[in-house]
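*Asks:* I'd like to ask some things about the structure below.
The values are calculated or read from the model by the stated rules, or taken from the named source; none is laboratory data. Values in this document were obtained by computation on a predicted structure and should not be read as measured data. Cβ placement follows ideal geometry from the backbone for every residue including glycine, while neighbour counts extend to all protein chains displayed. Side chains included, ligands, DNA and RNA excluded: accessible areas come from the protein's heavy atoms. Shrake-Rupley method; radii C 1.70, N 1.55, O 1.52, S 1.80 Å.
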Amino acid sequence: MDLPELPKRLFTLGEEPEPVKSISYHIDDTKLFTAIRGALHPDEYQKLRDSKLGVFLKFKELNFAWASRLVHFMLCFKLDIKKKYELWCLVGPQPTRFSLIEFEHLTGLNCDYVENLENPRCEVTKEMIAFWQLLGVGIDDGPTTEQIITSCKRCSEWSRDDRMRLGYLAIFT
């Protein structure tokens, strides 16, 4: 059987770069997850866990560190293609695609088309400004991981909605 002509690989076999830090490098820092678990009431944490973003909490709970090795493998065997939101790599002689479609199926996150990815429109509401003030950060700056951890320690008097916002923000961090 003749193999089809494939695009060239980005790295020569045997000369793939070693990962400087794995994807699980930041996941292994349990301070953020411990802080958010302590900040939310049990029913709030369960609601966050059952949400579309809860897949990341489940990954953490399952010690899903092998994903970093899989992604490193895929990047080392990546094919040089022109499509912006697809990753093609070789698994043996077989080309394999990983796109936003597969990412959506794997994570359950909404990967619908966004008109302008460079400048997604987001209306800044008074409620949003008030939340950023609770966090103690500027609306254009956004919080650091340490600021979110600090907010988790002092959010017990916040409304349920604001604690849930903090939980969702922690996942994105």
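*Asks:* Evaluate E = 1/(1 + (r/R0)^6) for Val137 and His41, where r is the Cβ-Cβ distance and R0 equals 25 Å; express this FRET efficiency to the nearest 0.05.
*Replies:* With R0 = 25 Å, the Cβ-Cβ based efficiency is 0.55.
*Asks:* Once you place label points 7 Å from the Cα toward the Cβ at Leu169 and Phe103, how far apart are they in nm?
*Replies:* Taking the simple label geometry, Leu169 and Phe103 are separated by 2.4 nm.
*Asks:* Could you list, in their original order, any pairs among Lys47/Lys126; Lys58/Lys83; Lys60/Lys126; Lys60/Lys82; Lys31/Lys60 whose Cα atoms are separated by more than 23 Å?
*Replies:* Where the Cα-Cα span goes over 23 Å, the pairs concerned are Lys47/Lys126; Lys58/Lys83; Lys60/Lys126; Lys60/Lys82.
*Asks:* Moving on. Residue by residue through the stretch 157-166, what is 3J(HN,Hα) from phi via Karplus (6.51 cos²θ - 1.76 cosθ + 1.60, θ = phi - 60°)? Round to whole Hz and write x for glycine and proline.
*Replies:* In residue order, the calculated couplings are 8, 6, 5, 4, 4, 5, 5, 5, 4, 4 Hz.
*Asks:* Accessible area of Glu61, 1.4 Å probe, to the nearest 10 Å²?
*Replies:* We get 70 Å² for Glu61.
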